[in-house]
Every structure is written in structure tokens, then in C-alpha cells.
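K.L.:
Next up is a structure, given as C-alpha cells.
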Amino acid sequence: MELKFSKFNHYTYIDKTETLLLYNKLRNTMGYLQPISLRNLPLSIDTVPEKMMGRLRDHGFVVPASIDESIQGDDLHEKIINSSSLHFTILTSESCNFGCQYCFDDFQRSHIKESVIQDLITYAKRNIGQYTEMNVAWFGGEPLLARDSLYTLSEAFIDICRKTSRRYSASITTNGYLLDYETFKRLLRYRVFEYIITIDGTAKTHNVSRPLKNGGGTFHKIIENLRCIRDHVKSQQFRIVLRTNITTDVLENLHDYLSFVQEEFGKDNRFTYLFSPVYDWGGDRINAMRGKLIDSMSDVYATLAEGDWQLNMSALQGQLSHAICSYAQKNTYTVNTLGDVFLCPQLQEYPIGKLINGKLEIDEYKAAYWYSLSAKAIEGCKSCTDYSICKGKSCVRNLLFFNKNPMDPAQLNCGREYAYLNDVLKVLYKMNKDSFIEL
Amino acid sequence: MEDTRKKVIECFNSLGFVVDDDDTVDILDYLDNSITYISFIVEVESTFDIEIPDEYLLQGRMRNIGNVCDVVEMLKKE
């Protein structure tokens, strides 16, 4: 049978070891091989030794020449978009105890209204049968400022899912300041399995970029909370994603931060790490620190790849599989404290509906506009090999750009990790080699 | 009767609805289309091994859990 390399393969060499890393975007698989006769890219299918060919085929890096993989890409896209899970992102509080330097939010609102809590419960009671499972992302503001509401909703959702034999799980994006031992234990009981906590480098940088509203430092309290969880919680069912927003200041101190987290949490695989530039999501505060925004993540990934650190980077690996933003899936709704419904928390200027009397009143045209979106009108998209799996849905905010006339392709937000795929693969190979298949 | 109530509520659960044990709740808020309504009737019939006559459905005799239990109890005695 005539064979070819998958069009979704991405290749990069690790210079000194002459190891070739492969990543297949369709199958989300990573592999490595010692090239021997494969020293030059692009690879030629004729130069692959027979023994290696079998493994490349088994893992989808090589496919029959006769197939059009775009069809599989389309199919995967459809499966992801047409999710049968109910996913709520719930803003339990639109207030915050932090005054982050780069935050876009002015926190004019308070905690979730009692009527919205009841509407969410009623909706779940009446509609859970349409879905195979339920997943909630607790979000804010700072969601733990309204802990009682979060607890009330969790108890109700778990009860509803238990009675109807649906799976239930949750995650939380919190600044970590209020995440003491008792709160953590209770959240774990409420099936909150993923915790996304931002630490912007060492105390020196973190306390400047993420202070309390009154200007007080937050680093030590968050770290104390995390140490307590590390030392006293035995469960292996959760993971804590330590996310670092990179500015020029944080980048300067990145070595110190990595040494710190290596020392504190490096041996605990429940902790994992993400790095992201500070984005301009709007608002006034970002203007004061515009000079500290970074242009590229290359230096961050290079630092990670070159040092002696050995950290669990499964969160970064997870980002690779996100050719489509999780908020782009159907049945995925963000609900704010007033019951307004959005596609994602970053799109609050673009409501698609309202939660009223236990019903989701969705503007069908607005929702359909997004779900049916095809980015074919964009020249850059048409020629992209990832088009069939992405279709412009790597970020829901792209919707705003598509709405503009004329559309501006330069504004199109492609998968961020894809832009640094060579760097990310090198980091993952160094830190999480077990995730790579030996080919 | 208590056992009947419990089983009727479980019929809702098995169809993916969670109904409060409260007779002020209109079950048509849950069974808001003919398919789910008929599915519920079939579930009740199968659970209690009874056959609910069509006229009970047409007359709107079953608007809350208490109504459903009354019908079930009556048919079980026949």
C-alpha cells in the first residue's frame, strides 16, 4: 500500500541530540525518533526504515496515500463542537479582593443573585436529561468571595446528577488567596478537580502585579495555602495549575521562580504549570503597563527547555490539544451574576441570551452564527493545514473580528501554543518525556 | 402511598428530570413535549405494571406527582 506522512504532522529537531520530535495535531499524539537517515526536513516517505514505518503507521504519523485526512479533521471538528455535555461557567462573584495591574474588569457588580442560583438549579433539574454529563467552571471576579453560593449550587448539581446518573465535575479559576485547607477540602468534596491559580513569578513580581485591593501583598498567603494542600491533602484526584502571566519583569525573574516552584512543588505531580503573556483584554489599567508586555513567548519556553528544572507540564500539553477553544462547543454557556449568558467570560460585551425562570433564552441567530462559523473567507485560513480541525474557532473572541466589515485577517487569533509549537515540544520532551512515543 | 411517590419520582429521574417532592410543581414544566410526556407514561406503566387509559391523559388528570400517585394507586387496585 502506498503511504504518506500525515498532513497534520509537525516536526522539529532537538539540535544537539539529533532527535526528531513529531506531533500530530489530529490525533494529539507526540513521538520521537533518532533520525539516522532522516536528517533533513521535509521527510521523504521512501527513506523511512521498514521497522520504524510500522510504528509511525500505528500511531497515525503515516497514513495510506489514498485518504483525504481533511475529512477526518472535519469529523473531529464536528464531534468536538457537538458536545453532549452541559458546561456552565458560572461567575459566582463579579467582585474581587485583588487589584491586578493588568485586569480588564472594573468589578462594578457583586455576588450572584439568589434568583440566578435558583434559575440555574431549575434549568439543570428540567434539562439534565438532554446531556450525558455536567461540568461547571467556577469563575469570577473571585469566585470564592461567594463561597456559600458556590456550595449551594454544587450540592444541588451533584444531587441532580446523582439522581439522573449523569457524571459531574468542576474546576475553579481562583486567585488562591481564600483557598485555605477547609475550603479546599470542601471544594474537593464538591468534585472540583482542577484549580487554576495565577502566580506571577516570585514574591517580588507577584506582589506588584497581583496585590490586594488595598495594595497588600498576596504571594505568601497563596503559597501557604498551597503548601498546606500539598502536605495535608492525600487525594490524588485533583490537579493544581499554576499559571504565570508573563511581563518583562516576570521574565527577568523567571529563573528564580522556576527554582522556587521546583523546590516547593516539583516532586508533587498534582501541581502543573502554564505560562502565558499578559494580554490586553481592554480596560484602563493595562495602559499603565503597556511597556512591560512581551512580544513573544520564545524566551519563556527557551528558559524552560534549557534549565535543570523538572516540572510536570501536563497543563501545557493539554493546551496543545485545544485547536478549538473549549468555549466554542455547543451547550457551553457562561452565566454572570445577573443571569446574562455569554459564549465565554471574555465576551461579556456580546451576550447571547438570558437565564429566566429556569429557562435559557438563547438568541438562536447569535448562537447559530458562531456554531456555523466557517473561516473560509479568510485567505490565511484557506491555506492553513489546520483548517479542517479549527475553522477559525481557536478563540471565541474571533467572532468579534468576523463580525467586522471588512474582516481583518491580522486580528485572527490562532492557537497560541501552535505559534510556538517547536518550543513547546522541546519543553515537553525535556520535562514529560514519557508522553512521547518512541518511534 | 409513600413508596408509590418515591417510585414516581424515580421515573422522572430515569428520564433525566429531577422533580421536587411537592404537589405545587406542575409536571408539565418538565414534560413539556409529547415525546417526554409519553416516555414518562411508559416509564410509570412499566414500573407499576399497569396500563394508564388514554382518557386519563386527555383529561389532564395528572398535573402533579400527587395526581400521578392517585391514578397509579387506583389502577393497581383494579
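Read the figures in this text as sums done on the coordinates, not as results from a lab. Here the structure is a predicted model, which is why all the values come from computation and not from measurement. Don't worry about glycine lacking a Cβ; one is built from the backbone with ideal geometry, like all the others, and counts go over all protein chains shown.
K.L.:
Taking amide hydrogens as modeled 1.01 Å from N in the peptide plane, which residues meet the under 5 Å criterion relative to A:His10, leaving out close sequence neighbours?
P.N.:
A:Tyr23, A:Asn24, A:Lys25
K.L.:
Taking the square root of 5 times each eigenvalue of the Cα gyration tensor, what semi-axes in Å does the equivalent ellipsoid of region A:3-77 have, largest first?
P.N.:
Sorted largest first and rounded, they come to 22, 14, 10 Å.
K.L.:
In addition: Can you pull a Stokes-Einstein diffusion coefficient for chain A at 25 °C (0.890 mPa s), Rh from Kirkwood over Cα pairs, as a whole number of µm²/s?
P.N.:
Answer, rounded: 105 µm²/s.
K.L.:
Quick one: if you stick a label point 7 Å off each Cα along the C-beta vector at A:Ser276 and A:Asp231, how many nm between them?
P.N.:
3.1 nm
K.L.:
Against the longest alpha carbon principal axis of chain A, how many degrees, from 0 to 90 and to the nearest 10, is the axis of helix A:147-163 turned?
P.N.:
70 degrees
K.L.:
Also, I was wondering about something else. Taking the Cβ of A:Phe107 as the centre, find all other residues whose Cβ is under 15 Å away and add up their charges (Lys, Arg: +1; Asp, Glu: -1). Write out the running numbers ahead of the final one.
P.N.:
On the way: positive: A:Arg109, A:Arg210, A:Lys213, A:Arg285; negative: A:Glu94, A:Asp105, A:Asp106, A:Glu142, A:Asp284.
My count for the surroundings of A:Phe107 gives -1.
K.L.:
Take A:Thr385 and A:Asp15, extend 7 Å from each Cα along the Cα→Cβ direction, and tell me the distance between the two endpoints in nm.
P.N.:
2.3 nm
K.L.:
Which pairs, out of A:Lys185/A:Lys213; A:Lys25/A:Lys79; A:Lys163/A:Lys366; A:Lys234/A:Lys433; A:Lys79/A:Lys426, put more than 22 Å between their alpha-carbon atoms?
P.N.:
The answer is A:Lys185/A:Lys213; A:Lys163/A:Lys366; A:Lys234/A:Lys433; A:Lys79/A:Lys426.
K.L.:
How big is D for region B:2-77, in µm² s⁻¹ as a whole number, if Stokes-Einstein is applied with the Kirkwood radius of its Cα pairs at 25 °C and 0.890 mPa s?
P.N.:
Value of D from the Cα-based Kirkwood radius: 200 µm²/s.
K.L.:
For A:Met289, A:Met134, A:Met1, what ranking results if the residue with the fewest other Cβ atoms within 10 Å of its Cβ goes first?
P.N.:
Arranged by neighbour count, lowest to highest, A:Met289, A:Met134, A:Met1 become A:Met1, A:Met289, A:Met134.
K.L.:
Give me the mean projected area, in nm² to one decimal, of the convex hull enclosing the Cα positions of region A:44-199.
P.N.:
It is 14.9 nm².
K.L.:
If you average the sequence gap of Cα pairs under 8 Å that are 6 or more apart and divide by the length of chain A, what percent do you get for the contact order?
P.N.:
Working: 752 pairs, mean separation 81.9, N = 439.
Relative contact order for chain A comes out at 19 percent.
K.L.:
Okay, moving on. If R0 is 30 Å, what FRET efficiency do you get for A:Lys221 and A:Asp256 from their C-beta distance, rounded to 0.05? Intermediate results must be reported in sequence, preceding the final value.
P.N.:
Values: r = 19 Å, r/R0 = 0.65.
Once rounded, the FRET efficiency stands at 0.95.
K.L.:
Got the relative contact order for region A:253-312 handy, in percent, Cα pairs under 8 Å and 6 or more residues apart?
P.N.:
Dividing the mean separation by the residue count of region A:253-312 yields 56 percent.
K.L.:
Next question. For region B:10-78 and region A:190-247, write down the distance between their C-alpha centroids in whole Å.
P.N.:
Centre-to-centre distance over Cα atoms comes out at 50 Å.
K.L.:
Once the Cα atoms of helix A:254-265 and of chain A are each reduced to a long axis, what angle between those two axes, in degrees from 0 to 90 to the nearest 10, is obtained?
P.N.:
Taking Cα atoms only, the helix is inclined about 70 degrees.
K.L.:
Counting only helical runs of four or more DSSP H residues, what would the 222 nm mean residue ellipticity of chain A come to if each run contributes -39,500 (n - 2.57) and the total is spread over all its residues?
P.N.:
The helix contribution divided over chain A gives -10000 deg cm²/dmol.
K.L.:
So, one more: What list do you get for A:Cys228, A:Cys395 if you sort them by fewest beta carbons within 10 Å?
P.N.:
Taking fewest neighbouring Cβ atoms as first place, the list is A:Cys228, A:Cys395.
K.L.:
Pop the C-beta distance of A:Leu293 and B:Met74 into the FRET formula with R0 = 45 Å and round what comes out to the nearest 0.05.
P.N.:
Efficiency, rounded to the nearest 0.05: 0.05.
K.L.:
Under a Cβ-only charge scheme (Lys and Arg +1, Asp and Glu -1), can you give me the dipole magnitude of region B:2-77 about the Cα centre, in debye to the nearest 20?
P.N.:
Working: 7 positive and 18 negative charges, 28 e Å.
Here region B:2-77 has a charge dipole of around 140 debye.
K.L.:
Using Cβ contacts closer than 10 Å as the measure, can you line up A:Ser6, A:Ser110, B:Ser14 from fewest to most?
P.N.:
A:Ser110, B:Ser14, A:Ser6
K.L.:
Additional query: Pairs of Cα atoms under 8 Å, at least six residues apart: use those to get the relative contact order of region B:1-73, whole percent.
P.N.:
Computed value for region B:1-73: 43 percent relative contact order.
K.L.:
Between A:Arg167 and A:Thr248, what is the FRET efficiency for a Förster distance of 35 Å, r being their Cβ-Cβ separation, to the nearest 0.05?
P.N.:
Working from the Cβ atoms, E equals 0.20.
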